[in-house]
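Encoded as structure tokens, the structure appears first; notes follow it.
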Amino acid sequence: MWNRLKRLFRSVFGGLIDSAEDPELILQQLVRDMNDEVPKMRENVAQVMATEKRLEREIQANQAKLTDLDNKVKAAIRVGKDDIATALLGELQIAQRALATSQQNHVAAKAASLKAREYFDNYMTNVRRRQAEAMQLISANKQAQMQERLASTMASFQMGDTSQTFDDMREKIANRSASAEARAELASTSLDSRMQGIERELANVEAQDMLLAYKQQMGLAPPVAQPALGEGAPINAERTLGAADYIPQERKLKE
């Protein structure tokens, strides 16, 4: 029973955690954590190197002390102060042992400092490599998100969310165009439209008659033969309009 409950909790909360994880945020936090560790690592390496430097100064001080004690022992022996020389020799032995200890510690500190610097250099190399890898993964994650949005948009078109709207509008515009064409055709076949066509034809005939009259006046067309009186023409018939009747008023005034 307990195993089943654990499996249930892991399946529920594991899925929630997996869906809530943002790779970009996690990688950015990882980069920040590595950057935060750099000052700590640098401080540790600096402490190891400081120990090496301190031991170097301690060795130099012990060597100077040994030189000074040696000179004092020789001076005490020259003046016949054997007791003082003996005491100075005791201090000299203590200084020699301190120098030997400092030298041994310096060798160990120097090796530790070298290892610390190598470890720090390797850590910085690893940090830079991890940061570059994290940036690549973040870029890949952004590209994947863009592809997901593109795929979602394409899926919406395939499902007809937007294409149905285009089809509806296309059908509505086609119906409106057909209705307008039908009204235009109906208007062109009406009585008023036909009367306008007849009037245009009459105006065209009158224009042709005027053109012929102008040509006859200018001698470019033969005159139309007039029927003689008594040959079937009525005596009181109105006189047929000649070419002069169609000459504009301004031209008549000039003549």
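FRET efficiency for Ile26 and Gln104, Cβ-Cβ distance as r, R0 = 51 Å, nearest 0.05? Kindly include the intermediate steps, with their values, before the conclusion.
Details: r = 48 Å, r/R0 = 0.94.
E between Ile26 and Gln104, to the nearest 0.05, is 0.60.
Given R₀ = 35 Å, FRET efficiency for Arg200-Asp168 by Cβ-Cβ distance, to 0.05? Can you show the working numbers first?
Details: r = 43 Å, r/R0 = 1.23.
Between Arg200 and Asp168 the formula returns 0.20.
What the phi angles of segment 122-135 give under the Karplus curve with 6.51, -1.76 and 1.60, with θ = phi - 60°, is a coupling list of 5, 5, 5, 4, 5, 5, 5, 5, 5, 5, 5, 5, 5, 5 Hz, glycine and proline written as x. The residues Lys172, Lys72, when put in order of fewest to most other Cβ atoms within 10 Å, stand as Lys172, Lys72.
Just so you know, all these numbers are worked out from the coordinates, no wet-lab data involved. This structure is a prediction, so every number in the text was calculated from the model and none was measured. Positions of Cβ are backbone-derived with ideal geometry, glycine not excepted, and every protein chain shown enters the neighbour counts.
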